[in-house]
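Written below as structure tokens is the structure these notes are about.
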Amino acid sequence: MIRLENVHKAFGDNKVLQGMTLEIPKGSSMVIIGGSGTGKSVALKSILGLIKPDSGEILVDGKPADSGDRDAFLARFGMLFQGAALFDSLPVWQNVAFRLLRGSLKRPVEEAREIAIEKLRRVGLKADVADRLPAELSGGMQKRVGLARAIAAEPEIIFFDEPTTGLDPIMSGVINDLIREIVVEMGATAMTITHDMTSVRAIADNVAMLHAGVIQWTGPVAEMDQSGDPYMEQFIHGRAEGPIEAVR
Amino acid sequence: MSHPSPLSPLALLARLGQMVLGALGAVGRVAIFGLSTFSHMVRPPYYPREVLNALLQVGWLSLPVVGLTAIFTGGALALQIYAGGARFNAEAVVPQIVAIGMVRELGPVLVGLMIAARVTSSIAAEIATMKVTEQIDALVTLSTHPMKYLVAPRVLAALLTVPVLVGVGDIIGIMGGYVVATQNLGFNPAAYLKNTVDFLEARDIISSLVKGAAFGTIAATMGCYYGMQSGRGAQGVGRATKGSVEAAAVLILAANFVLTGVFFSL
């Protein structure tokens, strides 16, 4: 289980998180929605330790995220970045098997390559993609490679940062379905941040609405449409009028 | 409360103080970055493949530009010394002055500046782009420390290869002077080489190689530092690249002054 308790983070005068509290039960898929610049990515990066919160507590399975062996902590996570964040200089298979080629999870090269190709197949890519460079792939293929890399070491917790941004609706649907299938199949805890309501309905068990640095509403995805929360209603229906200012 | 006029002595003093504090802060950040780099260089895990790749990029692929710079500089130096020496009947000193000029000063400085132009800019742009596209964050989430994986191999490669490049540049520069002197200025080839070898001292060569190691370290460290500190977007990458080359070039020239003093003023 992941728990954020009264987390604050500011960049200069810009107060991004202002007391965010959220709980993500083990094995569930939580999707955080909210407008651009509301701190969704900051929350996610704070859990991973990529950003240090100013105050508050982040617990993973009851232990503070910033304590203990950092490598062992990070080995429990996989992450799909918004732009896939593939390493340009490495072929696709080495991107996927990056964690398996070095560090505590190191495997023999042949075995790591086999696992990479298997993971590429799992996300719908053929083995011949393995030796290509990321720059030779389309945006959708890069996202799939990023997804393959996120699941390569079979992590317990997977983060998805805007997984469908920049993709056409069909490819978005493919990625959403893959995320859902993989999370269920692996029994992983998933945390996704997105603006895309189609993704929310496809991926989420639970939804949280982040606005002005705090969670405005959270609950099961099935209750999202009847939440009665003005922030949720405005966001779901994409209205310009409501408590969320259209010009920010 | 009224603020002093921007041109008042107090306001000017305050601005001067801010600039000095800003400069000291920058020096401190670079020093901490450099110390951290060396600390990561000597502690496992090591990434030998990254070091080999950096050796290739920094050393081997810089050879053409270093060679061309050195040969033209050596040739021009021979022509200048011959023309200048003729004013007081000292044309015969061409081999000695070309050798000492190339080995003590021009070889290390020009190679250092070429490395700043070629390697520092490339490292800064590459790392800055990785930062902007979240590849650095991705490295961290994959349990790989960016200082170990990106910075330490590049600085180590520059520390090892730039002295070699300086040595090669010194030899090619001297050969440039040799070709011009023997083909255009009527010097005897054997006498030219003998004068060159006889005149150079071990201290000249050691200073040249030490300068190479220092300049290589400065060039790679500045590239990595500015890359890691890069701002967002294309403008951030551009600023990081420009800043890294400016800082590396100025620091190389400053370090050259200091090292020349250390080797030849004592």
Over all directions, the stretch A:1-118 yields a Cα convex hull whose mean projected area in nm² is 9.1
Under 20 Å by backbone N from the virtual spin label 7 Å along Cα-to-Cβ at A:LYS106, the residues of the stretch B:127-167 are B:139-154, B:156-157
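Is there a quick way to get the dipole size of the stretch B:46-136? I mean about its Cα centre, with the Cβ of Lys and Arg at +1 and of Asp and Glu at -1; what is the value in debye to the nearest 20?
Values: 5 positive and 5 negative charges, 21 e Å.
Computed charge dipole of the stretch B:46-136: roughly 100 debye.
Within 10 Å of each Cβ in peptide B:42-50, how many partner chain Cβ atoms are there on average? Round it to a whole number, please.
Working: counts 0, 0, 0, 5, 0, 1, 0, 2, 1.
Mean partner shielding for this stretch: 1.
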Interchain or sequence-distant (5+) residues whose placed amide H lies within less than 5 Å of the amide H of A:GLN216 are A:MET209, A:LEU210, A:HIS211
Calculated from DSSP helices alone, with each H run of at least 4 adding -39500 (n - 2.57) and the total divided by the residues of chain B, [θ]222 nm to the nearest 500 comes to -26000 deg cm²/dmol
In nm, the gap between the two label points placed 7 Å beyond Cα toward Cβ at A:MET186 and B:ALA92 is 8.0
Longest principal axis of chain A (C-alpha) makes with the long axis of helix A:169-186 (C-alpha) an angle, in degrees to the nearest 10, of 80
In order over the stretch B:179-189: 3J(HN,Hα) from phi, Karplus 6.51/-1.76/1.60, θ = phi - 60°, whole Hz, x for each Gly or Pro, gives 4, 5, 5, 7, 8, 10, 10, x, 7, 6, x
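Which trypsin sites (Lys or Arg not before Pro) does the stretch B:72-165 hold that lie in a coil by DSSP with at most 12 other beta carbons within 10 Å?
On the way: sites: B:ARG87, B:ARG104, B:ARG118, B:LYS131, B:LYS148, B:ARG154; in loops: none.
Loop-located and lightly packed - none at all.
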For the stretch B:11-111, averaging the sequence separation of alpha carbon pairs under 8 Å that lie six or more residues apart and dividing by its residue count, the contact order in percent is 18
Measuring from its Cα centre, the protein assembly as shown shows a charge dipole (+1 at each Lys and Arg Cβ, -1 at each Asp and Glu Cβ) which, in debye to the nearest 20, is 1180
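Could you tell me what % of all Cα pairs in chain B have separations over 24 Å? Display every interim value, and only then the final one.
Working: 19790 of 35245 pairs.
When every Cα pair of chain B is considered, 56 percent fall beyond 24 Å.
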Connecting every pair of Cα atoms under 10 Å apart in chain A and solving the GNM, the largest mean-square fluctuation among A:GLN82, A:GLN142, A:GLN226 falls on A:GLN226
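In peptide A:38-49, what is the residue-averaged number of other protein chain Cβ atoms found within 10 Å of each Cβ?
Numbers: counts 0, 0, 0, 2, 0, 0, 0, 4, 0, 0, 3, 2.
Going residue by residue through A:38-49 and averaging, the value is 1.
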Once both label points are put 7 Å beyond Cα along the C-beta direction, the A:THR198-B:MET19 separation in nm becomes 5.7
Measuring from its Cα centre, chain B shows a charge dipole (+1 at each Lys and Arg Cβ, -1 at each Asp and Glu Cβ) which, in debye to the nearest 20, is 520
Chain A: relative contact order from alpha carbon pairs under 8 Å, six or more residues apart, as a whole percent, is 25
So the pair-distance distribution of the protein assembly as shown, from every Cα-Cα distance in 20 Å bins, comes to percents of 19, 41, 27, 11, 2
Between A:GLY56 and residues 5 or more places away or on another chain, the pairs with built amide H atoms under 5 Å apart involve A:HIS8
One finds the C-alpha centres of the stretch B:26-57 and the stretch A:184-248 to be spaced, in Å, by 43
Between the modelled labels at B:GLN80 and B:VAL42 (7 Å from Cα along Cα→Cβ) the distance in nm is 4.0
Partner shielding of B:139-150, as the mean number of partner chain Cβ atoms within 10 Å, equals 6
Nearest-0.05 FRET efficiency for A:ILE170 and A:ASP225 at R0 = 30 Å, using Cβ-Cβ distance, is 0.75
Projected onto the charge dipole of chain B (unit charges on the beta-carbon of Lys, Arg, Asp and Glu, signs +1, +1, -1, -1), the Cα from B:THR260, B:THR141, B:VAL93 with the largest positive-side position is that of B:THR141
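What's the FRET efficiency of B:LEU68 with A:LEU59 using the Cβ-Cβ distance as r and R₀ = 56 Å, to the nearest 0.05?
Values: r = 60 Å, r/R0 = 1.07.
With R0 = 56 Å, the Cβ-Cβ based efficiency is 0.40.
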In order over the stretch B:118-128: 3J(HN,Hα) from phi, Karplus 6.51/-1.76/1.60, θ = phi - 60°, whole Hz, x for each Gly or Pro, gives 8, 8, 4, 4, 5, 5, 4, 5, 5, 5, 4
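Under the definition of Cα pairs under 8 Å and six or more residues apart, what whole-number percent is the relative contact order of chain B?
Working: 364 pairs, mean separation 76.9, N = 266.
Computed value for chain B: 29 percent relative contact order.
Rounded to the nearest 0.05, what FRET efficiency is calculated for B:LEU52 and A:GLU23 with R0 set to 35 Å and r the Cβ-Cβ distance?
With R0 = 35 Å, the Cβ-Cβ based efficiency is 0.15.
Would you mind ranking B:SER62, A:SER89 by Cβ crowding within 10 Å, fewest neighbours first? Mind dumping the intermediate values first?
Details: B:SER62 23, A:SER89 15.
Neighbour counts put them in this order, fewest first: A:SER89, B:SER62.
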Over chain A, the sum of -39500 (n - 2.57) across DSSP H runs of at least four, divided by residue number and rounded to 500 deg cm²/dmol, gives at 222 nm -9500 deg cm²/dmol
Taking placed amide H atoms and a strict 5 Å upper bound, the residues 5 or more places from A:THR38 or on another chain that come that close are none
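Only the coordinates and a few stated rules stand behind these numbers; no lab work does. Small disclaimer: the values here were computed from a predicted structure and weren't measured. Virtual Cβ from ideal backbone geometry, glycine too; neighbours counted across all protein chains shown.
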